[in-house]
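The values are calculated or read from the model by the stated rules, or taken from the named source; none is laboratory data. Here the structure is a predicted model, which means the values were calculated and not measured. Positions of Cβ are generated from backbone atoms using ideal geometry, with glycine treated the same way; all protein chains shown enter the neighbour counts.
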Amino acid sequence: MATCCTLLLALFTALAAGQEDVEAIIQRSVQANNNDWQAAPAYSYFERDVQGGGTRTYEVTMILGSPYERLVAVNGQPLTPVDQAKEQQKLEKVTTQRCGESKQDRGERIAKYEDERRRDHLLMDEMTKAFSFKLVGEQRSGPFEVYVLKASPAGLSTGQQRNQGADRDAGRTLDR
């Protein structure tokens, strides 16, 4: 009997420790996301969007208080010199427009950008509260070792999730 209780206690402790590890992973991810969010306006970066089986890559730069996305590649291939010239003309046009805008127009444009950033940031923060996460494993994603987590709506049993007509579990990866 004592061996059975010891085994159950060890199993419970191991399960609790595993859950703490998941919470630590989530907290590190949240902190990294917060750091990135705060630093983002000071940096240019590349963004790849997947659209209809293809990709479009943009260079995102800040121009007078809000980002500008300049197309630089389609399906992993750089733009032709003609298309590069067109994108450069678009960039120059936007820069000229922003330099000539009124104080009120600039303020409204920047306020809209900041509102969108705040909304996106809030959604990311709320996601960690809306889901319960379970560590499924680890795997390589490109050059990175990542954790694989399973996310389930917080507070709902598996039966309740099925009764709502959809399997809402989602696999997600987080860089270490």
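In the stretch 24-34, what residues are under 12 Å from Thr128 (Cβ atoms) and either out of contact with any Lys or Arg (no Cβ under 9 Å at 6 or more places or on another chain) or at pLDDT below 85 (or both)?
Ile26, Gln27, Ser29, Val30, Gln31, Asn33, Asn34
Would you check if Leu156 is part of a loop (DSSP other than H, G, I, E, B) and either farther than 25 Å from Ala40 by Cα or modelled with pLDDT under 90 (or both)?
yes
Which pairs turn up if I take residues in the stretch 65-93 that are over 21 Å from Arg109 (Cα atoms) and modelled with pLDDT under 95 and look for partners that are part of a loop (DSSP other than H, G, I, E, B) and polar (S, T, N, Q) with beta carbon separation below 8 Å, at least 6 apart in sequence or on another chain?
From residues that are over 21 Å from Arg109 (Cα atoms) and modelled with pLDDT under 95, there are no pairs.
Return the total of residues in the stretch 111-131 being assigned to a strand (DSSP E or B) and touching a Gly at 6+ places or on another chain (Cβ under 8 Å).
Qualifying residue count, the stretch 111-131: 0.
With the requirement that a residue be within 17 Å of the chain's Cα centre (by Cα) and surrounded by 11 or more Cβ atoms within 10 Å (Cβ to Cβ), what does the stretch 50-66 give you?
If the condition is that a residue be within 17 Å of the chain's Cα centre (by Cα) and surrounded by 11 or more Cβ atoms within 10 Å (Cβ to Cβ), then Thr57, Tyr58, Val60 are the ones that fit.
Just to verify a result, which residue in the stretch 142-153, among those that are exposed (fewer than 13 other Cβ atoms within 10 Å of the Cβ) and farther than 19 Å from Ala24 by Cβ, is modelled with the lowest pLDDT?
Among them, the one singled out is Gly142.
Residues checked against (1) assigned to a helix (DSSP H, G or I); (2) in contact with a Cys (Cβ under 9 Å, 6 or more places away or on another chain); (3) among the small types (Gly, Ala, Ser); (4) modelled with pLDDT of 90 or more:
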residue	(1), (2), (3), (4)
Leu8	yes, no, no, no
Thr13	yes, no, no, no
Gly18	yes, no, yes, no
Val22	yes, no, no, no
Ala39	yes, no, yes, no
Arg48	no, no, no, yes
Val60	no, no, no, yes
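Given the criteria in contact with a helix residue (DSSP H, G or I) (Cβ under 8 Å, 6 or more places away or on another chain) and of a type in the set (Phe, Trp, Tyr), does Tyr68 qualify?
For Tyr68, the condition - in contact with a helix residue (DSSP H, G or I) (Cβ under 8 Å, 6 or more places away or on another chain) and of a type in the set (Phe, Trp, Tyr) - is met.
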